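One structure below.
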Amino acid sequence: MTVSYRECCKLALRQCLDQEPRAFLMGEDVAAYGGCYAVSKGLLDLYGPERIRDTPLSESAFVGVGIGAAMGGMRPIVEVMTCNFSLLALDQIINNAATLRHMSGGQLGAPVVIRMATGAGRQLAAQHSHSFEGWYAHIPGLRILAPATLEDARFMLPAALREQDPVMIFEHIFLYNQEGELDAKVTAVDLERAAVRRRGAHLSILTYGAGVQKSLTAAEALAAEGLDVEVIDLRVLRPLDDAALIDTVKRTHRVLVVDEGWRSGGLSAELVTRVCELCFDELDAPPARLCTAEVPIPYPKHLEDAALPQPATIAAAARRVCGRG
Amino acid sequence: MTALPALDGPTALELYREMLLIRRFEERCVELYGAGKIRGFLHLYDGEEAVAVGVLRALAHHDAVVATYREHGQALARGLPAGEVMAELFGKREGSSGGRGGSMHVFDAKRRFYGGNAIVGGGIPIAVGLALADKLLARPNVTVCFFGEGAVAEGEFHESLNLASLWRLPVVFVCENNLYAMGSALDVDEAETDVAAKARGYRMAAERVDGMDVVAVLAAARRAVEIARKGAPCLLEMRTYRFRAHSMFDSQGYRDKAEIERWRARDPLTALAHTGKAHGLLDDAALAAAEVAVQREVDDAVAFAERGTLEPPEHLTRHVTAPRDPGRRA
C-alpha cells in the first residue's frame with residue numbers, strides 16, 4: 001500500500017499519542033485547521049483539545065511552555081509551523097532547552113520534541129524558504145534529526161519522544177507529498193546513525209533531507225556514465241555519525257557534500273572538516289561541496305531552482321570530484 | 001506596615017530571620033567578590049528581601065518556583081541550604097547546581113526551584129509550562145514566577161500571560177518592580193507604567209503590593225496562591241527597591257542618592273522589627289538572637305563553600321545531554 005511522507009508523520013504522531021499518555025501536540029493551527037502542512041488533520045477528533053492544542057501565534061511562549069511542561073513531567077511535541085518562525089523562539093530553544101541540564105548540574109532535563117517544516121522549493125520566497133537545521137546542529141544539548149525517507153518520517157518521532165533531552169525534527173516541505181511503500185520490516189529506527197541509501201565505489205555523497213532523493217537521482221544518471229556513487233543519508237545532524245563518515249570514505253575515497261544550507265559557516269563546512277580530520281589519508285581528491293547559492297531564496301521558479309542543489313548540478317559536481325568534469 | 005491579624009510571634013520572627021539571612025548572606029557575597037572568591041555577574045537582592053520571603057512563605061513544598069538572575073533571595077527563602085548556594089557562587093561541585101551555573105543559575109530539582117534564568121523574561125514561558133504540566137497531570141500545584149519590571153517590555157511576558165489566562169493555568173506572576181531595568185527607569189521604557197493594569201488586560205486578577213512590607217506581601221501572596229490553586233493565573237506587582245547597584249559593575253548614574261536614602265528609610269527588616277515590637281510580637285532579645293544565629297549560618301555557609309571541591313576538568317563535557325545507554329548504537 002502506498003503511503004505519503006505526510007501520512008507517515010501523522011502515523012508517528014498517533015503512535016506517540018497512543019503509547020505515551022503524557023504526550024500531547026501543540027502549535028499554531030495544529031487542531032481545528034489540521035496543521036499548516038495537514039500533518040495533524042483529523043487528530044483533534046481522535047484525541048480532543050487537551051492533547052491536540054492550538055496555540056496563539058506566540059512562538060517563544062509556546063515553545064517555552066513545551067520546555068516547561070517537559071520539565072514538569074509531560075512529553076510535549078511542539079510543532080513550529082516552519083523553521084522560519086522558529087527564529088522567534090530561538091531564546092527558548094537555545095538559552096533554555098539546550099542549557100537547562102548543564103546549568104542545573106544534571107538535575108533537570110527538557111525532554112521536548114520540537115517539529116518543524118524546513119527548506120525551499122515551493123516558490124515561497126525568502127522568508128519562508130530557510131534551512132536552519134545546520135544552525136541548530138551547532139548547539140550542544142540538542143539532537144537534530146532530518147528524516148528523508150518514509151521510514152524515518154514514520155519512526156523517528158516515536159524514538160525522539162523517548163529521549164531525555166530536547167530533539168528537533170526538520171521535515172522538508174518538498175517531501176510531504178512523496179509517496180511510496182513503507183518497508184514492513186521496519187518497526188523502529190535509531191537516532192544515532194547515518195544510513196547508506198545507495199552503495200557505490202567511486203564517490204560518497206554526504207547529504208540529508210531533500211538532498212537524499214536529489215542525490216539518488218543524480219547517482220542513477222551517473223551510473224549510466226560508469227560512475228558508481230554512494231549516497232549517505234546523514235539522518236542525524238547532531239551528533240554526527242563519525243564512524244559512518246570514515247566507513248564510506250574508506251570505500252570510495254572521494255567526497256561531495258550536498259547541503260541545502262548556505263555554504264559559509266555551515267554544516268557542509270563541518271562535514272568536510274570532519275572528513276579531513278578523521279580520514280584525510282583515505283582521500284584521493286579534495287572534498288567538495290554543493291550548497292544553496294548565497295542569496296535569500298528568490299520567488300521566481302527558475303531562480304529558485306538555480307539557487308538550490310539539483311540532480312543535474314549534483315551530477316556535475318560529482319563528475320568534477322572524480323576528475324571527469 | 002500592614003497589621004495581619006493572623007501573624008503570630010513565631011511567624012514574625014521567622015520572616016525576620018529569613019530576610020536577615022538573605023541580607024547577611026549577600027553582604028558576605030560582596031566581601032567574597034572583592035576577595036575574588038566569587039566571579040562573574042553578581043546581582044544583589046539588598047532591599048527586596050520582603051518580596052521573596054513573603055511570597056515563598058505562601059507556597060507549599062510541592063509548588064514550583066521560577067526566578068531570575070537575581071535569585072539568591074528566592075533560593076534561600078525556598079529553603080535551599082545556604083552552604084549549597086554559597087558553594088554554587090564559588091563554582092564548587094557541592095553547589096546547588098554542582099557549580100556549573102553560578103550566581104545566576106541556582107537550581108534545586110527536589111525543592112522544585114527551577115532557576116536562575118538570566119535572560120530577561122526567559123523564565124516566564126517555562127513557568128507557564130510547569131503549570132500546564134501540573135494541570136494536565138491533575139496535580140494541585142501552583143507555580144510562582146518572579147521577574148523584574150524590565151521583563152514586562154519583553155514579548156515573552158505578554159505571550160505568556162495571554163497563554164496562562166487563555167488556558168486557565170495556576171501561575172502566580174510576581175513582578176518585582178524595583179523601578180529600574182538595570183539603568184532605565186520604568187517611565188523611560190514603558191508607555192503604561194502600571195504593571196498590574198497590563199495583567200488585567202489579559203483578564204487576570206492583579207494587584208499592586210507594597211513590596212517593602214513583608215506582612216503585606218505575605219497576605220497578597222496568600223490571596224494570589226488561593227486564586228491560582230483554584231485554576232487561574234494572577235499577577236502581583238511588588239513595589240520594591242534595590243538599595244545597591246544592579247550588579248558589581250554599575251556606577252548608578254541613573255538615580256540620585258536622596259532617592260536611595262528615601263527607600264532605605266523603608267528597609268523591610270527595620271520595618272518588620274518596628275511593627276513586630278509595637279505589636280508585642282518581637283523583642284530586642286529575639287532579634288539579637290536571630291542576628292547571632294544568622295551570622296553563624298552565613299559563617300557555616302562560607303566554610304562549607306571553602307571546603308568544597310572543584311570538578312576535575314575531565315568532567316568538563318558532563319551534563320550536556322543525559323548519559324546514553326552504550327548498547328543503543330548497536
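Every read-out reported here was derived from the displayed coordinates using simple, explicitly stated rules and does not represent laboratory data. Note that the coordinates shown come from a computational prediction; the quantities given were computed from them, not determined experimentally. Quick reminder, even Gly has a Cβ in these numbers, built from the backbone with ideal geometry, and neighbours come from all protein chains shown.
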* Which whole-Hz ³J(HN,Hα) couplings does segment A:51-67 yield from phi under the Karplus relation 6.51 cos²θ - 1.76 cosθ + 1.60, θ = phi - 60°, glycine and proline marked x? -> 9, 10, 10, 6, 10, x, 7, 9, 4, 5, 5, 6, 5, x, 5, x, 5
* Asked: Semi-axes, largest first, in whole Å: what does sqrt of 5 times each Cα gyration tensor eigenvalue give for segment B:146-253?
  -> 25, 17, 11
* To do: Please give the net charge around A:Leu108, taking every other residue with its beta carbon less than 13 angstrom from that of A:Leu108, where Lys and Arg add +1 and Asp and Glu add -1.
  => +3
* Structure fact -> A correct Stokes-Einstein calculation for segment B:51-185, using the alpha-carbon Kirkwood radius, 10 °C and 1.306 mPa s, returns a whole-number D in µm² s⁻¹ of 106
* To do: Determine the dipole magnitude for the protein assembly as shown: charges of +1 sit on the beta-carbon of Lys and Arg, -1 on that of Asp and Glu, nothing else is charged, the reference point is the Cα centre, and the result goes in debye to the nearest 20.
  => 1000
* Mean separation of Cα contacts under 8 Å, 6 or more apart, over the residue count of segment A:2-181: relative contact order % -> 27
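Using a cut-off of 14 Å between beta-carbons, work out the net charge of the residues near A:Gly48 (Lys and Arg +1, Asp and Glu -1, A:Gly48 not included).
Numbers: positive: A:Arg14, A:Arg51, A:Arg53; negative: A:Asp18, A:Asp45, A:Glu50, A:Asp54.
That sum, taken over residues with Cβ under 14 Å, equals -1.
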* Asked: Given the protein assembly as shown reduced to its alpha-carbon atoms as identical point scatterers, what log10 I(q)/I(0) does the Debye formula return at q = 0.06, 0.12 Å⁻¹?
  -> -0.39, -1.18
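Could you compute Rg(Cα) / (2.2 N^0.38 Å) for segment A:207-291, with N its residue count?
On the way: Rg = 12.3 Å, N = 85, 2.2 N^0.38 = 11.9 Å.
In units of the globular-protein estimate, segment A:207-291 measures up at 1.04.
Before rounding to the nearest 500, sum -39500 (n - 2.57) across all DSSP H runs of length at least 4 in chain A and divide by the residue total; then give [θ] at 222 nm in deg cm²/dmol. Walk me through the numbers before you get to the answer.
On the way: 12 runs with 113 residues, N = 325.
Value at 222 nm, helices only, nearest 500: -10000 deg cm²/dmol.
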* Structure fact -> Here the relative contact order (percent) of chain A, from C-alpha pairs under 8 Å and at least 6 apart, is 16
* Protection-proxy order for peptides B:281-287, A:181-187, A:244-250, B:258-264, each taking the mean of Cβ atoms within 10 Å per residue, highest first -> A:244-250, B:281-287, B:258-264, A:181-187
* Structure fact -> Once normalised by the length of segment A:195-321, the mean sequence separation of its alpha carbon contacts under 8 Å that are 6 or more apart gives a contact order in percent of 28
* Asked: Which lysines, on any chain, are close to A:Lys10 with Cα under 17 Å apart, when same-chain ones fewer than 8 places away are left out?
  -> A:Lys41
* Förster radius 22 Å - calculated FRET efficiency between B:Glu31 and B:Asp300, Cβ distance, rounded to 0.05 -> 0.90
* Residue of B:Gly34, B:Gly121, B:Gly47 that the Gaussian network model of chain B assigns the largest fluctuation, springs spanning Cα pairs under 10 Å -> B:Gly34
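Antiparallel as a % of all DSSP beta bridges within chain B, to the nearest 5?
Working: 4 of 28 bridges.
Just about 15 percent of them are antiparallel.
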* To do: Take chain B, connect every pair of alpha-carbon atoms lying under 10 Å apart with a spring to form a Gaussian network, then pick out the residue of B:His43, B:His158, B:His319 with the largest mean-square fluctuation.
  => B:His319
* **Table column - 3J(HN,Hα) (Hz), segment A:224-230, Karplus curve with 6.51, -1.76, 1.60, x for Gly and Pro** => 5, 9, x, 9, 9, 9, 9
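How fast does segment A:99-207 diffuse by Stokes-Einstein, in µm²/s, taking the Kirkwood radius from C-alpha pairs at 25 °C and 0.890 mPa s?
Details: Rh = 15.9 Å.
The calculation lands on 154 µm²/s.
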* Structure fact -> B:Asp250 and B:Arg139 label points (each 7 Å along its Cα→Cβ direction) are spaced in nm at 3.3
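Can you check what the Kirkwood hydrodynamic radius comes to for segment A:2-181, Cα pairs only, in Å to one decimal?
16.0
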* Enumerate the residues in segment A:297-325 having an amide nitrogen under 13 Å from the point lying 7 Å beyond the Cα of A:Glu220 toward its Cβ. => A:311-312
* To do: Go ahead and set up a Gaussian network model of chain B, Cα springs under 10 Å, then flag whichever of B:Gly40, B:Gly54, B:Gly123 fluctuates most.
  => B:Gly40
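First select every other residue whose beta carbon is under 13 angstrom from the beta carbon of B:Met104; then total the charges, Lys and Arg +1, Asp and Glu -1.
Values: positive: B:Arg39, B:Arg70, B:Arg100; negative: B:Glu71, B:Glu88.
Residues close to B:Met104 contribute a combined charge of +1.
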* Could you name the lysines in cross-link range of B:Lys37, using Cα to Cα under 28 Å and dropping any fewer than eight places away on the same chain? -> B:Lys92, B:Lys110
* **Viscosity 1.567 mPa s, 4 °C: Kirkwood-radius Stokes-Einstein D of segment B:44-106 over Cα pairs, µm²/s** => 110
* So, in Å, what gap is there between the alpha-carbon centers of segment B:49-110 and segment A:236-266? -> 44
* Asked: When N is the residue count of segment A:116-270, what does its C-alpha Rg come to as a fraction of 2.2 N^0.38 Å?
  -> 1.02
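Test of understanding: express the Cα radius of gyration of chain B as a ratio to 2.2 N^0.38 Å, with N the residue count. Walk me through the intermediate numbers first.
Working: Rg = 19.8 Å, N = 330, 2.2 N^0.38 = 19.9 Å.
Dividing the Cα Rg of chain B by 2.2 N^0.38 Å gives 0.99.
Short version: what are the Cα gyration tensor semi-axes of chain A, square root of 5 times each eigenvalue, largest first, in whole Å? Don't jump to the answer; show the numbers that get you there.
Working: eigenvalues 221, 87, 71 Å².
Values for chain A, descending: 33, 21, 19 Å.
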